[in-house]
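Student: A single structure is presented below for examination.
Just so it is clear, none of the values below were taken in a lab; they were calculated from the coordinates. Keep in mind the model is a prediction, meaning the values are calculated, not measured. When we count neighbours, we look across all protein chains shown, and the Cβ atoms used for this are built from the backbone with ideal geometry, even at glycine.
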Amino acid sequence: MPRDLDLRHVISPAVRDLIELANLGDFDRTREQITRLRGCTRPINLVGHTTTRDHTTGETIRSYSTSDEPTGRLLTTCGNRRASRCPTCSRLYAADTYHLIRAGLSGGKNVPETIRTHPRVFLTLTAPSFGPVHNRTTTKDGKPQPCRCGTRHPDSAPELGTPLSPKTYDYTGAVLWNAHASALWARFTLNLRRTLAANFGITQKAMNAALRISFAKVAEYQQRGLVHFHAVIRFDGPDGHTSPPPAWASADHLLRAVKPALRRTTLTVVSDTVGDREIGWGKRFKVDEIAALGDGELTDKAVAGYIAKYATKSAEDSGTVDRSLVCRTCSGRGTVGGRIRDLCPDCEGTRQAEPLRDLPVHQHVRQIIRTAWDLGGLPEFA
């Protein structure tokens, strides 16, 4: 194929680029890179070189430079777990997560199959209420019931999860809860260990010497814009997953310890501006034993599927955004320059990559984002 193609008659720039790419002398190497991407929609372009030398002799063992590539770049997959960013890589991430969790429940991947005899539970934790919201409930027969607003909302109703009274909804509390949810989870795991030790009638030191408690969790955004957690909790022996827990450590102990541990788990958020806030978990939670031999409703396979699905969901799945809104030009400062500061030419001093008022989201979500933005500007939360 000639290299001096006249492509002026090709209207589409994308098509012209493809033709020029196919016209490269070493197109096979380019095609190999594209094939290795496996459909990644946001590939990363690497530029640079690497050299491996023998530490003793100084002899060059291997060298590589992207300048030797037909395009001068090396393409690699983005590896993003969020489906909103790259559907292909997120599916691969979900598959990896599924097999990882399944191995931790059933064995495989260097995990002994005896792991399925270890006591395991599946736990779902929710955020508290910050004001009544539009919801969709059903009867035992699956028939929709009226919301508090009097409407029977369909599944796709955009108002689901939004406040019945936006003026009285505690947006500050909701944002602070989201921001401290991970710390709240960490404190819950500590309280769970304390509760279990008390129920066993032994000290925490003695319990830690006899067994380990393993956790695997993912966070998922609810329609109201708040996260909740799904977690697998497992008893292991003192050497971890390769050893069985003591016979007196049963799944029933886990089931009974969750509620009191949740109730005593709180955090105090200190702020002179918005006042001190005590945050804790919502009243609604669910904990179930995972069936050991797959003969119950909650099997190893089902739990692994749940975790894999939740792990790839993003904030955008609940109607919000999952990208930074900070102006990159000024790094969110609003000004640029040295000793004499000028307004950032891109954000014009707002510090925002895009105006919050223009975000294509529901007003409820926009208010959550605006509240988070305002709180982030306070010294105690900066």
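Student: Whole Å is fine, so just give me how far the alpha carbon centre of the stretch 168-212 lies from that of the stretch 118-138.
Tutor: 17
Student: Counting other Cβ atoms within 10 Å, which chymotrypsin sites (Phe, Trp or Tyr not before Pro) in the stretch 212-267 have at most 13 and lie in a DSSP loop?
Tutor: W248
Student: Does the stretch 335-381 come out rounded, prolate or oblate by the C-alpha gyration tensor, with a ≥ b ≥ c the root eigenvalues, rounded set by a/c under 1.5 and, if not, prolate when a/b is larger than b/c and oblate if not?
Tutor: Oblate shape, in that a/c is at least 1.5 and b/c is the bigger or equal ratio.
Student: Moving on to the next point. Among F200, F235, L359, whose Cα sits farthest toward the positive end of the charge dipole of the chain (+1 at Cβ of Lys/Arg, -1 at Cβ of Asp/Glu, about the Cα centre)?
Tutor: Among F200, F235, L359, the one farthest towards the positive end of the dipole of the chain is F200.
Student: Counting Lys and Arg as +1 and Asp and Glu as -1, each charge on the Cβ, what is the dipole of the chain about the Cα centre in debye, to the nearest 20?
Tutor: 1100
Student: Using the alpha-carbon atoms, what tilt in degrees (0 to 90, nearest 10) does helix 13-22 show relative to the longest principal axis of the chain?
Tutor: It works out to around 80 degrees.
Student: Along the Cα→Cβ direction, 7 angstrom out, place labels at Q204 and L164. What is the inter-label distance in nm?
Tutor: Result for the modelled spin labels: 4.1 nm.
Student: Give the residue list of trypsin sites (Lys or Arg not before Pro) in the stretch 79-119 that are DSSP loop and have at most 15 other beta-carbon atoms within 10 angstrom.
Tutor: K109
Student: Quick check: pseudo-label points 7 Å beyond the Cα along Cα→Cβ at R341 and R256, how many nm apart are they?
Tutor: The modelled label-to-label distance comes out at 6.0 nm.
Student: Working from Cα positions, state the angle (0 to 90°, nearest 10) between the long axis of helix 363-376 and the longest principal axis of the chain.
Tutor: The answer is roughly 90 degrees.
Student: Please build a GNM for the chain, connecting alpha carbons under 10 Å apart, and tell me which residue among S271, S90, S182 fluctuates the most.
Tutor: Top of the fluctuation ranking is S271.
Student: Among the lysines, select those whose C-alpha is under 22 Å from the C-alpha of K167, and discard any that sit fewer than 8 residues away in the same chain.
Tutor: Partners found: none.
Student: Follow-up. Take the alpha-carbon centre of the stretch 236-263, take the same for the stretch 49-103, and report the distance between them in whole Å.
Tutor: Distance between centres, Cα-based: 39 Å.
Student: Still on this structure, please answer the following. Which order do C149, C330 fall in if you start with the one that has the fewest other Cβ atoms within 10 Å?
Tutor: C149, C330
Student: Between R31 and H55, what is the spin-label point distance in nm, taking each point 7 Å from the Cα along the Cα→C-beta axis?
Tutor: 4.3
Student: Dipole magnitude of the stretch 335-381 about its Cα centre, charges +1 at Lys/Arg Cβ and -1 at Asp/Glu Cβ only, in debye to the nearest 20?
Tutor: 60
Student: Then there is this: Going down the table (K109/K259; K205/K309; K109/K217; K143/K217; K286/K309), which pairs top 26 Å between alpha carbons?
Tutor: Pairs exceeding the cut-off: K109/K259; K205/K309; K143/K217.
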